[in-house]
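For reference, the structure is listed below as structure tokens.
The values are calculated or read from the model by the stated rules, or taken from the named source; none is laboratory data. Just so it is clear, the model here is predicted, and its values are computed rather than measured. Positions of Cβ are generated from backbone atoms using ideal geometry, with glycine treated the same way; all protein chains shown enter the neighbour counts.
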Amino acid sequence: MLSDVTAEELMSFLNLDTRPDIKGQATEYILGLSGNRDGCRFLQTKPDLIKALVTLTTDPSIAIVKDCYHTLINLSADETMHRLLVKNPDFLPMLFKNILDPGYMFADRICTILTNLSRHMKTCKEVFKAMQEQGISLAQIVEIFCTEDYNKQASLHYLGPLLSNLTQLPETRQFILDKDRCVVQRLLPYTQYEASTIRRGGVIGTLRNCCFDHVHHEWLLGEAVDILPFLLLPLAGPEELSEEENEGLPVDLQYLPEDKKREEDPDIRKMLIETLILLTATKVGRQILKTKNVYAIMREFHNWEKEPHVVAACEKLIQALIGDEPEPGMENLLEVEIPNDVEVKLKDMEAKELEQLEKDKEDLLNPDKAQHCAGIVRMM
Amino acid sequence: MASHAQTADDSDDDMDGFMERFKKEKYSNAFSEDNWEEEFNKVPMFMKTAPEDIDPLKHPELAAIQSIIHDDDRPLGEQAQSLKDEGNEYFKERNYKKAIVSYTAGLQKKCSDCNVNAVLHTNRAAAHFHLGNMRSALNDAVAAKKFKPDHLKALIRGATCCLELKKYTDALQWCEEGLKLQPTDKKLLELRAAADKHKRVAERDARKAKVQEKKERSEREALLAAIKVSRNVKIKTSVLYNLDGLCSTEATGARVFLGEQGIIYWPVLFLYPEHQQTDFISAFSESSSFLDHLSHMFGEELPPWDTDRKYSFKNLQVFFEDEERESLHQVNPETTLLKTLQHKRYFVKAGTPSFIILVKGSPFFLNNLQHPL
């Protein structure tokens, strides 16, 4: 690695006043360092670096600003850097200041950095707090996300995974699931957004996380939102179903054309199925999914799917769909007379189930398992 | 005390006197019991409804008031406002046509107040809506929006009109704009959900129609192949009918179809030229013979038009017409329909094979027969 003296010199070049050619070479070099682990470790020891990079994002040279952002992206991809980045008082404000600007050409890089930072709960909270302090609401984020061509120079696809990461926080889920607004409904069409896997995956991750809140299932599956078709369409294929089966499906899934294609990313397919499984956790969810003939779609899907981990998820869903409901007389378990020893056993099982559910929830909300939130850019 | 009592008595006397006179005498121009309601209705303050036309002679007060409203010396904005208020009054009475007249007059003032113009357009849109003039209503909503892009009522009206006109994508667009301004507006949320639902149903209907069409097309093709290729039956095509020549002009809409076990059923006409009568058999199986049908139709009971009682099935002969050669070919009644259709001179016309039925020895037979059996 660099000697301390050289390192000092390098840092001194990261100034707005430095000669452009030297400045450019310095930023390029830093970018290169940030691209590998050792380089990152080294940069971690230089707290002034973040400050310098933040300042240089205002540099008149586009090439330099680009290098700065790319360096920040690489740094943000490394979890150990998060503390340092967030500690800088100007860093997050700078990011949020520019994100809503429809003419800001680096908006996509900002979204990527924010996505990386929000992966883990701790920094996610800080990101959310900073966002609010900057006077930026989730409503605005959703608004620019859903406005086509909001920023002519940035696609803003990474707002998808950002939103998904933010739904680790109950405040975000609450906003998205607000019955008095039209938020989740605006996100639904993006489950089939062909132009970007990132956007699509982000939205589906958002929906999946929201479905952990069981109390909203009936509303989500009801007419006001009607989430089901949007989850099923990417899983539905061109196979012809009988007229009877068609008429039992949700309207959007009836009579699909013969060129209908399924979702091509297996991880996204799995996320969709996981969301559907979440919806079968409640009785009302199970009932609705059964009545709407979800089984027919999953049956065809099962015949088509090749990825083993997705097939496994599919089988779990089908189990829930064709499994038996409690016997008559047992549907309302609160009214059933339970013998003492059975009652103890049931309470024990319930405790274990809740434990497992919490663990599953943690696993699923933990973006390490969700592979679409990486956004790592390694530049040499 | 005494003097007070005196004065009170005096005034009481006067009062009593006045009251007495009041009860007995009628004042001039009094309302009578018969016409008091009518008279009341003429006083502008007590009018229940406005008269259709304000005749300055009959209703001088009303005409005076109206001229104040329409005084052309007032600033345009004020005039427009008054006309707006007038229109609103008519609207409340559900007199939408008159309301539109008032709003239009208000708009014609072309005042510079964007708010008033936006409201005039929006209200006129509502009046049109209630009259069922959806397109006019929508145009007004668009105009209102131009004057004031954040006028929520205009956006709601626009969305409602688009919904009625079944322009679901446009309706969603209006709702989206409205919700940007007022994210929790219940009416907009409702309209959006409705437009979305209808749109998706319409899309499904289009898909379903496509699937049906495809199914029908392949069924037709299979049928045509079965007729022309497998069975080698010739069909006469004509510009008037479907290109495949299978369109039947029968009022019942009966068509040839492929039934169970691959048997084709034809709609068939029996013509009885001697009596100018016809019989229509909607589904004649190709494997049935003419005799099968004739023995039923002319078996126990003979048709009423058969005045000479000659049309017993044993006496009947079957022919088909060779149009090109203008001749009749006789057919053995025991032949199946299929065999007959396969005759090298037979062409199915208008998708309905027709046959001439005559009695043996009839003059028609003798006059027209050229190709004996």
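Look through A:GLN185, A:GLN192 and report the one residue that is under 21 Å from A:LYS261 (Cα atoms), within 14 Å of chain B (Cβ to nearest Cβ) and surrounded by fewer than 22 Cβ atoms within 10 Å (Cβ to Cβ).
Exactly one of A:GLN185, A:GLN192 is under 21 Å from A:LYS261 (Cα atoms), within 14 Å of chain B (Cβ to nearest Cβ) and surrounded by fewer than 22 Cβ atoms within 10 Å (Cβ to Cβ), namely A:GLN192.
Take region A:227-257 and flag every residue that is within 25 Å of A:GLU171 (Cβ to Cβ) and within 14 Å of another protein chain (Cβ to nearest Cβ).
Residues satisfying the conditions are A:ILE227, A:PHE230.
How many of the residues in region B:327-347 are assigned to a helix (DSSP H, G or I), more than 16 Å from B:LEU271 (Cβ to Cβ) and either touching a Leu at 6+ places or on another chain (Cβ under 8 Å) or hydrophobic (A, V, I, L, M, F, W, C) (or both)?
2
Could you tell me whether region A:22-33 includes any residue that is in a loop (DSSP other than H, G, I, E, B) and farther than 14 Å from A:LEU72 by Cβ?
Within region A:22-33, not a single residue is in a loop (DSSP other than H, G, I, E, B) and farther than 14 Å from A:LEU72 by Cβ.
Within region B:259-308, work out how many residues are of a type in the set (D, E, K, R) and either in contact with a strand residue (DSSP E or B) (Cβ under 8 Å, 6 or more places away or on another chain) or assigned to a strand (DSSP E or B) (or both).
The total comes to 3.
Could you pull out the residue among A:MET105, A:MET81 that is within 21 Å of A:PHE145 (Cβ to Cβ) and without any contact (Cβ under 8 Å) to a residue 60 or more places away in the chain?
A:MET105
Does B:GLU334 fit the bill of being at positive phi, surrounded by fewer than 19 Cβ atoms within 10 Å (Cβ to Cβ) and not β-branched (Val, Ile, Thr)?
Taking the combined requirement at face value, the residue does not satisfy it.
Here's a check for you: in region A:265-306, which residue that is in a helix (DSSP H, G or I) and in contact with a Cys (Cβ under 8 Å, 6 or more places away or on another chain) is surrounded by the fewest Cβ atoms within 10 Å (Cβ to Cβ)?
A:HIS302
Among the listed residues A:GLU245, A:GLU239, A:GLU223, which satisfies the condition of being assigned to a loop (DSSP other than H, G, I, E, B) and either modelled with pLDDT of 95 or more or farther than 18 Å from A:GLY285 by Cα (or both)?
A:GLU239
Taking region A:29-52 on its own, how many of its residues are of a type in the set (Asp, Glu) and within 23 Å of A:LEU92 (Cα to Cα)?
Going through region A:29-52 one residue at a time, the tally reaches 1.
Determine if region A:68-84 includes at least one residue that is assigned to a loop (DSSP other than H, G, I, E, B), surrounded by fewer than 19 Cβ atoms within 10 Å (Cβ to Cβ) and of a type in the set (Val, Ile, Thr).
no
Return yes or no: is B:GLN317 over 18 Å from B:GLN342 (Cα atoms), assigned to a strand (DSSP E or B) and touching a residue at least 12 places away in the same chain (Cβ under 8 Å)?
Spelling it out, B:GLN317 is indeed over 18 Å from B:GLN342 (Cα atoms), assigned to a strand (DSSP E or B) and touching a residue at least 12 places away in the same chain (Cβ under 8 Å).
Among the numbered conditions (1) modelled with pLDDT of 85 or more; (2) surrounded by fewer than 17 Cβ atoms within 10 Å (Cβ to Cβ), tell me where A:ALA7 comes up short.
Only one criterion in (1) modelled with pLDDT of 85 or more; (2) surrounded by fewer than 17 Cβ atoms within 10 Å (Cβ to Cβ) is unmet by A:ALA7, namely (1).
For region A:193-219, which positions are touching a residue at least 60 places away in the same chain (Cβ under 8 Å) and more than 14 Å from A:THR275 (Cβ to Cβ)?
First, pick out the residues of region A:193-219 that are touching a residue at least 60 places away in the same chain (Cβ under 8 Å): A:197-198, A:200-202, A:204-205, A:207-209, A:211-212, A:214, A:217-218.
Matches in region A:193-219: A:THR197, A:ILE198, A:GLU218.
Against the condition of a type in the set (Val, Ile, Thr) and either part of a strand (DSSP E or B) or more than 30 Å from B:PRO353 (Cβ to Cβ) (or both), how does B:VAL229 come out, does it pass?
no
How many residues does region B:348-373 contain that are modelled with pLDDT under 90, assigned to a strand (DSSP E or B) and within 26 Å of B:VAL229 (Cβ to Cβ)?
Within region B:348-373, residues that are modelled with pLDDT under 90, assigned to a strand (DSSP E or B) and within 26 Å of B:VAL229 (Cβ to Cβ) number 1.
Restricting attention to region B:178-196, which residues are more than 14 Å from A:ALA224 (Cβ to Cβ) and of a type in the set (S, T, N, Q)?
Once the filter is applied, which keeps residues that are more than 14 Å from A:ALA224 (Cβ to Cβ) and of a type in the set (S, T, N, Q), region B:178-196 yields only B:GLN182.
Hey, does region B:193-210 have a residue that's more than 30 Å from A:LEU220 (Cβ to Cβ) and either in contact with a helix residue (DSSP H, G or I) (Cβ under 6 Å, 6 or more places away or on another chain) or among the acidic types (Asp, Glu) (or both)? I'd like the intermediate steps shown before the answer.
Here is the first cut: in region B:193-210, the ones more than 30 Å from A:LEU220 (Cβ to Cβ) are B:209-210.
Still in the list and also either in contact with a helix residue (DSSP H, G or I) (Cβ under 6 Å, 6 or more places away or on another chain) or among the acidic types (Asp, Glu) (or both): none.
No, there is no match, as no residue in region B:193-210 is more than 30 Å from A:LEU220 (Cβ to Cβ) and either in contact with a helix residue (DSSP H, G or I) (Cβ under 6 Å, 6 or more places away or on another chain) or among the acidic types (Asp, Glu) (or both).
A:ASP259 fails exactly one of the following numbered conditions: (1) under 28 Å from the mean Cα position of the chain (by Cα); (2) part of a loop (DSSP other than H, G, I, E, B); (3) under 28 Å from B:LYS210 (Cβ atoms). What is the number of that condition?
(1)
Only residues that are modelled with pLDDT of 95 or more and of a type in the set (S, T, N, Q): list them for region A:273-290, please.
Answer for region A:273-290, where residues must be modelled with pLDDT of 95 or more and of a type in the set (S, T, N, Q): just A:THR275.
Within region B:148-225, which helices (runs of 4 or more DSSP H) (wholly inside it) include 2 or more residues that are within 11 Å of chain A (Cβ to nearest Cβ)?
Of the helices (runs of 4 or more DSSP H) lying wholly inside region B:148-225, those with at least 2 residues that are within 11 Å of chain A (Cβ to nearest Cβ) span B:168-181, B:186-224.
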